[in-house]
1. Could you list all residues from the stretch 51-72 that are modelled with pLDDT under 85, closer than 17 Å to PHE200 by Cβ and not in a helix (DSSP H, G or I)?
2. Restrict the check to the stretch 362-373 and report whether at least one residue is open to solvent by 10 Å² or more (accessible area, probe 1.4 Å), touching a helix residue (DSSP H, G or I) at 6+ places or on another chain (Cβ under 7 Å) and β-branched (Val, Ile, Thr).
3. Please determine whether any residue of the stretch 388-402 is at negative phi and at pLDDT 90 or above.
4. Which of (1) farther than 21 Å from SER98 by Cβ; (2) among the aliphatic types (A, V, I, L, M); (3) modelled with pLDDT of 95 or more is the odd one out, the single condition VAL170 does not satisfy?
5. Being of a type in the set (Val, Ile, Thr) and crowded, with 17+ Cβ neighbours inside 10 Å, is that true of even one residue in the stretch 375-384?
6. Can you find, within the stretch 120-144, the residue that is farthest from VAL169 (Cα to Cα) among those that are hydrophobic (A, V, I, L, M, F, W, C) and either surrounded by 17 or more Cβ atoms within 10 Å (Cβ to Cβ) or at pLDDT 95 or above (or both)?
7. Being exposed (fewer than 15 other Cβ atoms within 10 Å of the Cβ) and β-branched (Val, Ile, Thr) is the filter here, so list the residues in the stretch 93-119 that pass it.
8. Output the qualifying pairs, or none if there are none: Cβ atoms under 7 angstrom, residues six or more apart or on different chains, first residue in the stretch 289-301 and within 16 Å of LEU406 (Cα to Cα), second residue among the polar types (S, T, N, Q) and assigned to a helix (DSSP H, G or I).
Amino acid sequence: MNETTPTVVTKGASGAQVIDGPLTVPAAREGSPSLLLNEIDSRVVKVRPMATPVDQISRMVGSRPASSMIVDYYSVDSKAPETTLSTALAKTTDGTYSGIPTYILKATSPEMISVTETLMLPEVEGADGEPLVLYVVSTDKSTSTPVTVIPLNAPDPAPASLGKMGSKVVRMGRAAGELDVQTPQFEALPVKSSNFCQIFKAQVEQSILAKLSAKEVGWTLTDQEEVAIMDMRLGMEKSFLFGVKARLTDPKRYDEVLFTRGIWHQAGATFELTDGALTSQDLVSMMRQAFTGDSAGSPRKILMGGSGLIERLNNLDYTKVITATDTVTRWGIDFTELRSKFGVLCVVHNEVFDQCGHENDGMIIDPQYLTKYSHIPFRVEHLDLKSSGVRNTDALVATEASCLVLRHPKAHLRVVSV
């Protein structure tokens, strides 16, 4: 992963991103011509990143230290975010990775995919009825088959092909090995359960020449770091919600990679909305299930959902039984409260649900029983790539090894449109 690859500059809706390469003068001029001092009369505006409520709440509530990457706990019963397949995943004839068959992935925007990323195909069913999740083991942008992946939860036996042309591919969090320093760059009765801490990483580089070049705005390595970290948090949000628990060993380096299980799959109950409809009676029934019986927990819980579900909530005519209050701010997030005789729901839109194929779904979580374990707390390290003879750049790598667990699974509720 320390090999130098050509810098890829892609244009987004409100800016450009540098992927799999350091920020150099040519890349800066290509991605943002006005960044380096020229005859211009404008300012560089950084795009505000998507909200990551699950990651935000887990950080604000506080995390527990984990002495191991494997967390045992006891329970009482959230770049371009996505692309599409240009053809079905094709199984290689003789390739395997850690004993798992490899597949060739061809996407409409393969440049957005990097080594060590996890990808979810929300429209393709994997084992146990869960969406198929892939791990990117190699990329080669110089060939017609640039991306090689392995399925973490493929049906058994592994089929010759998976998915189809047009299937959505969602970028999730990176999963680094324990020996990795760098990563591809982008700016009732207790029941014992376990989860894996996943090593999330983000790396940003700036060439020495670009650092010394005159700039019209105060664009520094710190700004680059901020953009990369926000992209990292967005990937973590997806893994914390919809990730698949798995582990494998790199057959070349004998380096283990762990993948965390998302809280969507940990929730102990599901509330179904028939045909995606939502009435006041449905809302009362949903709140009854969320706050009573085996689901009883805190009297105040959080409902986060996709845009379709939030739209239906906004279109409801509220009554004296269920009322919508003004916006309240908790954990740095603005919520709208729904009050009923059963309890209070703090409602927020989570764009990760839209990206992962759950725009009409949501999840009710009880923050009192949401626990974050950190084996490696969030930290930023400086890499001296110049002295080591790798590249003439300043580099920073952000790292965190963590996972989320639901200690009372039935206190958390999936809301699913069927």
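The values are calculated or read from the model by the stated rules, or taken from the named source; none is laboratory data. Note that the structure is a prediction, hence the values are computed from the model and not measured. Cβ sites come from the backbone with ideal geometry, for glycine too, and all protein chains shown count toward neighbours. Side chains included, ligands, DNA and RNA excluded: accessible areas come from the protein's heavy atoms. Shrake-Rupley method; radii C 1.70, N 1.55, O 1.52, S 1.80 Å.
1. THR52, SER63
2. Within the stretch 362-373, none of the residues are open to solvent by 10 Å² or more (accessible area, probe 1.4 Å), touching a helix residue (DSSP H, G or I) at 6+ places or on another chain (Cβ under 7 Å) and β-branched (Val, Ile, Thr).
3. Restricting attention to the stretch 388-402, the residues satisfying the condition of being at negative phi are 388, 390-402.
Next, only the ones that are at pLDDT 90 or above stay: 401-402.
Yes, the stretch 388-402 contains at least one residue that is at negative phi and at pLDDT 90 or above.
4. Exception for VAL170: condition (3).
5. So the first thing to find is which residues in the stretch 375-384 are of a type in the set (Val, Ile, Thr), and the list is 376, 380.
Still in the list and also crowded, with 17+ Cβ neighbours inside 10 Å: none.
Checked the stretch 375-384: no residue is of a type in the set (Val, Ile, Thr) and crowded, with 17+ Cβ neighbours inside 10 Å.
6. Here is the first cut: in the stretch 120-144, the residues hydrophobic (A, V, I, L, M, F, W, C) are 120-121, 124, 127, 132-134, 136-137.
Adding the requirement that they be either surrounded by 17 or more Cβ atoms within 10 Å (Cβ to Cβ) or at pLDDT 95 or above (or both) leaves 120-121, 124, 132-134, 136-137.
Working: MET120: 6, LEU121: 5, VAL124: 10, LEU132: 10, VAL133: 9, LEU134: 10, VAL136: 12, VAL137: 16 Å.
It comes out as VAL137.
7. THR93, THR96, THR108
8. The qualifying pairs are SER295/GLN289; GLY297/GLN368; SER298/GLN368.
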